[in-house]
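The values are calculated or read from the model by the stated rules, or taken from the named source; none is laboratory data. If you're wondering where the values come from, they're calculated on a predicted model, not measured in any experiment. All Cβ positions, even for glycine, are placed from backbone atoms using ideal geometry, and neighbour counts span all protein chains on display.
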């Protein structure tokens with residue numbers, strides 16, 4: 001008997017898109033706020049036995065102290081999304097890892113957003129075409145609206161209601177076949193119970209000659225995807241490896257893989273092996 005995996009994402013039903021990353025920056029952290037974060041970490045994690053999360057969070061605080069207190073007057077990082085320049089981006093962490101230079105203090109862009117700012121400019125033509133954006137983020141919407149003004153953008157989400165097409169399950173979409181010339185799906189697939197159905201649906205609604213630009217978090221120095229019995233702290237059903245490319249190739253005519261970290265300038269703070277998958281429907285019929 002197949003057991004249904006626990007889906008913690010359902011707590012997001014009825015949210016607004018502003019709950020997604022990439023909507024508003026928190027500003028550069030001050031020494032006082034970093035000290036407060038450290039004390040809060042003791043109460044929230046160490047005293048509750050979350051040792052791994054506590055240790056990673058403390059390293060995050062130390063990294064941000066070095067960046068925004070000791071290197072405060074340096075100009076090391078530049079955000080290609082909002083043109084912020086400063087000593088760095090804000091480090092983040094969870095129980096698995098620390099991500100250095102992650103969040104832009106000004107626009108809240110992450111590595112994937114800054115990488116996509118370059119990729120989208122290269123792969124989207126500024127013509128009268130239509131684009132469907134899953135789980136929209138302000139930082140990317142602003143880039144599209146400023147650089148690709150001729151593209152008609154529509155937004156959709158399963159959980160958020162402040163989109164053009166709410167309540168759309170990416171595993172079973174209501175759009176007709178070949179509805180969109182472009183699709184942008186940024187860190188969504190990992191939240192989906194059946195990712196093969198999601199890829200099938202994205203291919204179905206993508207027009208002939210169209211492109212689906214997909215990003216998914218994973219360890220892409222590894223090949224095998226790791227499936228979880230229930231969603232993790234971030235609401236992910238799995239942690240991807242390079243075998244996801246073969247799965248995409250079952251539904252799309254061509255899959256191009258771009259290492260956004262290698263494609264961008266180092267000062268943009270885009271991680272190595274932060275991949276974008278450009279999926280094509282090439283059929284002319």
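Kindly check whether there is at least one residue in segment 150-170 that is under 20 Å from residue 118 (Cα atoms) and outside any loop (DSSP other than H, G, I, E, B). Give the derivation first.
Step one: list which residues in segment 150-170 are under 20 Å from residue 118 (Cα atoms), which gives 150-153.
Subset that is outside any loop (DSSP other than H, G, I, E, B): 152-153.
There is at least one residue in segment 150-170 that is under 20 Å from residue 118 (Cα atoms) and outside any loop (DSSP other than H, G, I, E, B).
Give segment 11-41 a look and list any residue that's in a helix (DSSP H, G or I) and at pLDDT 90 or above, or say none. Outline the logic, then answer.
So in segment 11-41, the residues in a helix (DSSP H, G or I) come out as 11-12, 17-19, 31-41.
Those that are in a helix (DSSP H, G or I) and at pLDDT 90 or above: 31, 32, 33, 34, 35, 36, 37, 38, 39, 40, 41.
Just to check your reading of the model, which residue among 282, 197 is in contact (Cβ under 8 Å) with a residue 24 or more places away in the chain and either within 24 Å of residue 136 (Cα to Cα) or touching a helix residue (DSSP H, G or I) at 6+ places or on another chain (Cβ under 6 Å) (or both)? Give the steps one after another, and end with the answer.
Values: 282 fails: either within 24 Å of residue 136 (Cα to Cα) or touching a helix residue (DSSP H, G or I) at 6+ places or on another chain (Cβ under 6 Å) (or both).
Checking each option against the conditions leaves just 197.
What number of residues in segment 174-184 are on the phi < 0 side of the Ramachandran plot and surrounded by fewer than 21 Cβ atoms within 10 Å (Cβ to Cβ)? Explain how you work it out, then say what you get.
So in segment 174-184, the residues on the phi < 0 side of the Ramachandran plot come out as 174-177, 179-184.
Checking the rest, the ones that are also surrounded by fewer than 21 Cβ atoms within 10 Å (Cβ to Cβ) come to 174-177, 179.
Result for segment 174-184: 5.
So, in segment 145-160, exactly how many residues are over 16 Å from residue 21 (Cβ atoms) and in contact with a helix residue (DSSP H, G or I) (Cβ under 7 Å, 6 or more places away or on another chain)? First the steps, then the outcome.
Taking segment 145-160 and keeping what is over 16 Å from residue 21 (Cβ atoms), we get 145-154, 156, 158.
Narrowing further to those that are in contact with a helix residue (DSSP H, G or I) (Cβ under 7 Å, 6 or more places away or on another chain): 147, 151, 153.
Here the count works out to 3.
Which count do you get for residues in segment 157-169 that are closer than 12 Å to residue 133 by Cβ and crowded, with 20+ Cβ neighbours inside 10 Å? Lay out the reasoning, then the answer.
Step one: list which residues in segment 157-169 are closer than 12 Å to residue 133 by Cβ, which gives 157, 160, 163-165, 168.
Next, only the ones that are crowded, with 20+ Cβ neighbours inside 10 Å stay: 157, 160, 163.
Residues meeting the conditions: 3.
For segment 1-10, what are the residues that are touching a helix residue (DSSP H, G or I) at 6+ places or on another chain (Cβ under 8 Å) and either assigned to a loop (DSSP other than H, G, I, E, B) or modelled with pLDDT of 90 or more (or both)?
To start, the set of residues in segment 1-10 that are touching a helix residue (DSSP H, G or I) at 6+ places or on another chain (Cβ under 8 Å) comprises 9.
Passing the criteria: none in range.
Run down 267, 227 and say which single residue is in the same structural domain as residue 181 (by TED's automatic domain parsing) and without any contact (Cβ under 8 Å) to a residue 12 or more places away in the chain.
Residue meeting the stated conditions: 227.
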